[in-house]
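Below: the structure, in structure tokens.
The values are calculated or read from the model by the stated rules, or taken from the named source; none is laboratory data. Predicted, not measured: the structure shown is a model, and the values here were computed from it. When we count neighbours, we look across all protein chains shown, and the Cβ atoms used for this are built from the backbone with ideal geometry, even at glycine. The protein model used for the area step is the full one, side chains on, heavy atoms only, and it has no ligands, DNA or RNA in it. Shrake-Rupley method; radii C 1.70, N 1.55, O 1.52, S 1.80 Å.
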Amino acid sequence: MIKFENQKFHLSNEYFSYVIEISRGKHLLHRYWGRPLREFRDSAPLQAIDRANAGQLAEFENERTYSLDVLPQEYPVQGHTDFRIPAYRVEHENGTNISELNYSSYKIIDGKPALKGLPASFGDNCQTLEIELVDICKNFTVYLYYTIFDDSPILTRSAKFVNTGGKKIKIRHAASAAVDFNENDFDIIDLYGGHAAERTVQRHKLQRGIFEVSSTRGASSHQHSPFIALARPDATEFFGEVYAASFVYSGSFAIKIEAEQFGTTRLVVGLNPDTFSWLLEPNEEFQTPEVVLNFSANGLNGMSQSFHKFFREHLMRGKFKDQVRPILINNWEATYFDFNEEKIIALADCAKELGLELVVLDDGWFGKRNDDNSSLGDWFVNREKLPNGIEGLVNAVHERGLKFGIWVEPEMVNVDSDLYHAHPDWILHVPDYKPSFSRHQLVLDLSRADVREYVLDAMRKVFSSAPIDYVKWDYNRHMTEAFSAKLPPERQLETQHRVILGLYEIMEKLVNEFPDILFESCSGGGGRFDAGFLYYMPQTWTSDDSDAVCRLSIQTGTGMAFPIVAQGAHVSVVPNHQVGRVTTFQMRNFVAMCGTYGFELDITRFTAEEKDEVKKYVELYKEIRPTMQLGKFTRLLTAYNNGNEYAWQFEDENRIVVVYFRVLSQPATPIRILKLAGLNPDREYHLKKYFPPKKMSVDGGKQVINFQEKSFYGDELMNNGLAVEKIDGDFAAYMWVFEK
Ligand code: GLA
């Protein structure tokens, strides 16, 4: 997979090629990334690309035909005639930040070395290229890592800095990867959002200038997802080339794209330099987090499918990663803080009757927490609410044949808590400045070993207090005043990253010590849906917005980059608590089935008719769950279409499930044909079940088609397609289940 010839590294497999060249100036140049090439013989030589002789302030070492301001590079610095956005910046003891990295040596390693203290992908079927670059003044060395897998269009990258000189250096910026393209005709696709509105797909033309998606919040954030795609303008869901990146990190990040004067494009992905710096003493090293690069020759669906497969096979860990996930009932929207043992047991009784599998006790079971003003940090049970403790409740739930889960928010503290009174300096803060509150809470300083020890110990006690099956790990605010009472002045800007490293250290220990607990991460909904978290926790609560219509957009955006099995999705009450909308029961259930299906409402209030319906859905879901959660996912309609219609296909070796949602009914309803994708044309697919929406208006359309028990060849389903019959009414949800 990795060859070195004529000063060029050629990384290739059946999905892509990536070529790096050592230049005559000993700089590491980027030569190619895209469809696989059998050989790279340099059909577009650098002499034809370089523009230095046009009289730019761009000559390097008196060579007017060698300009770093236009040559495509692998890990560029600013200041040596390259004025584009840099991949790194190192400050020397004398205050300057000039450096120059020259190629020194390389190693090809079978497999992939772990990244110490960081989440990262792994596998046996891969090779890693390590390239050593040395600063010409010998102040430091940078190692670039590239790993190629034989079963994937993914290339992972990271960088390691080692202080090899005798003096201190300060890393001001250390990207995980930079990629230069000798062209700029791209669309950018990014996922923007806010709390309860995460990961909305946005597609726009790359314009001259610098475009950035980033977070300074100490979380990957609701606002910008650590994901980017550069798509050819003609790329669609099914066709065309897409270059994408996903950052394996859960804190502040920056993805920058510069489209500059000569028509080149530079992509830089890494830690956010605005909230980062790192002092490196002689002989110390600093490892950046990993970035996952993904080339798709099969449009956006190809990109998403590769991310899903790669994350499931090469990033997610633990015994649950390939298992179907339990159907849960979470009491949050059912009771909020107002619950007691009796109410939770009543939910458990009803859950049992409906066929659900896991009861999750959310916020409010500890300290004296009856609202969000107090008790974060005091992880001992509130006996007024739960007189028999967690253990009593777990036993009661287990006796009913159900699993039990619990909510925690370990990284936080309320001022009104025993913990804060004992350790007011354990929070992120700056002396003399008031800390900023959010949801009445403050962020614990996990860069400190004593704080980490407390959190670890508290969680160990909770998780071993009873046979707990599932944990929801929340994080309900972002970092402000991210400074630490323990760090010296010259290290204060390390705090945010050190807190994330501290969190990773805690999670690594806990997931190993409690391998039988299924962990779901959460951050005020989906504020930390990132590849970093997936390494520790195989699912994430996608959003606090449980409205089925909003979820169509949120789950579409999330599915661009992250696997379906990782997306928590629950049925909630109407009018919906976040947006007040009343949607149909069928739509709420079908949308939730397109993630890890669960319920988040007072199920004891279901009418007899609703109970019968839920039982039917739960039974259906148990049958199709492997396909929905672990199958191949395809968007049949464009992710960013009119916002009124969504169609998704799920496929595994046994069946195909197709869902179609129409938000609002319209007059003169356009015909909608769904052409299925990726089927075997010669194979027969047997339509076992078809669920049209229930007739919703008095004189509206009615079901006319009886597809039941019909079989179709794959060629017909792909080319002639499935017609969506016209049934009037808003919030329409359809489902087709084909057995192979
Ligand atoms: C966050 C989560 C919710 C719920 C509450 C509890 O907002 O996203 O699901 O757990 O916290 O306070």
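For the stretch 548-655, compute Rg over Rh where Rg is the Cα radius of gyration and Rh is the Kirkwood radius from the inverse mean 1/r over Cα pairs.
0.96
Summarise the accessible area of the stretch 179-252 (1.4 Å probe, protein heavy atoms) by the percent that is carbon and sulfur.
Carbon-and-sulfur percentage of accessible area, whole number: 51.
What translational D, rounded to a whole number of µm²/s, comes out for the stretch 372-418 from Stokes-Einstein when the hydrodynamic radius is the Kirkwood one over Cα pairs, at 25 °C and 0.890 mPa s?
Rounded, D is 202 µm²/s.
Which whole-number value in Å³ per residue fits the convex hull of the alpha carbons of the stretch 143-220?
Given the Cα convex hull of the stretch 143-220, per-residue volume reads 192 Å³.
What is the pair-distance distribution P(r) of the chain, computed from all Cα-Cα distances in 20 Å bins starting at 0, with each bin given as a whole percent?
17, 48, 30, 6, 0
Ranked highest first by the average count of other Cβ atoms within 10 Å around their residues, in what order do 550-557, 235-242, 458-465, 73-80 fall?
Averaged packing, sorted descending, gives the order 550-557, 73-80, 235-242, 458-465.
Which of the peptides 97-103, 429-435, 132-138 is most tightly packed, and how do the rest follow, judged by the mean count of other Cβ atoms within 10 Å per residue?
Descending packing order for the listed peptides: 97-103, 132-138, 429-435.
What do you get for the angle between helix 299-314 and the principal long axis of the chain? Use alpha-carbon atoms, 0 to 90 degrees, nearest ten.
The angle comes out near 90 degrees.
Can you grab the distance from the C-alpha centre of the stretch 628-685 to the C-alpha centre of the stretch 171-194, Å, no decimals?
Between the Cα centres of the stretch 628-685 and the stretch 171-194 lies a distance of 31 Å.
With runs of 4+ DSSP H residues as the only contributors, calculate the mean residue ellipticity of the chain at 222 nm using -39,500 (n - 2.57) per run, divided by the residue total and rounded to the nearest 500.
-6000 deg cm²/dmol
Can you tell me how much longer the chain between ASN680 and LYS352 gets when fully stretched, taken as 0.36 nm per residue apart minus their C-alpha distance, in nm with one decimal?
Going from the current span to full extension adds 114.1 nm.
Helix 608-630 versus the longest principal axis of the chain: what angle, 0 to 90°, nearest 10, using Cα atoms?
Once rounded, the angle reads 30 degrees.
Percent of accessible area on the stretch 340-466 owned by carbon and sulfur, 1.4 Å probe?
49
Count neighbours as other Cβ atoms within 10 Å of each site's Cβ, and list the trypsin sites (Lys or Arg not before Pro) in the stretch 199-235 that are DSSP loop with at most 12 such neighbours.
Passing both the DSSP loop test and the Cβ count: ARG208.
Treating only the Cβ atoms of Lys and Arg (+1) and Asp and Glu (-1) as charged, compute the dipole magnitude of the stretch 172-225 about its Cα centre; round to the nearest 20 debye.
Around 240 debye, computed over the stretch 172-225.
Just to make sure I understand: if all protein chains stay in place, what is the order of ILE255, ILE108 by accessible area at 1.4 Å, largest first?
Reading off the accessible areas and sorting them downward yields ILE108, ILE255.
With charges set only on the Cβ (+1 for Lys and Arg, -1 for Asp and Glu), what does the dipole of the stretch 369-415 come to about its Cα centre, in debye to the nearest 20?
260
For the stretch 411-526, what is the accessible area per residue in Å², given a 1.4 Å probe and the full set of protein chains?
Result: 38 Å² of accessible area for each residue.
For the chain, take the longest principal axis of its alpha carbons; what is the angle in degrees between that and the long axis of helix 548-561, to the nearest 10 within 0 to 90?
30
Enumerate the calculated ³J(HN,Hα) couplings along the stretch 275-280 in order (Karplus 6.51 cos²θ - 1.76 cosθ + 1.60, θ = phi - 60°), each rounded to whole Hz, writing x wherever the residue is Gly or Pro.
Couplings: 10, 8, 6, 8, 7, 10 Hz.
May I ask you to give the average projected area over all directions of the convex hull of the Cα atoms of the stretch 568-618, in nm² rounded to one decimal?
Orientation-averaged projected area of the Cα hull: 3.4 nm².
Quote the relative contact order of the chain in percent (integer), defining contacts as alpha-carbon pairs under 8 Å separated by 6+ residues.
The value is 10 percent.
Among 638-645, 315-322, how do they line up from the highest to the lowest mean number of other beta-carbon atoms within 10 Å?
Descending mean neighbour count gives 315-322, 638-645.
Let me spell out the model: positive unit charges on the Cβ of Lys and Arg, negative unit charges on the Cβ of Asp and Glu, origin at the Cα centre of the chain. What dipole size does that give, in debye rounded to 20?
860
Suppose all protein chains stay in the model; what accessible area per residue would a 1.4 Å probe give for the stretch 558-695, in Å²?
Ligands and nucleic acids excluded, the figure is 36 Å² per residue.
Could you tell me what fraction of 2.2 N^0.38 Å the Cα radius of gyration of the stretch 307-456 comes to, as a two-decimal ratio?
1.24
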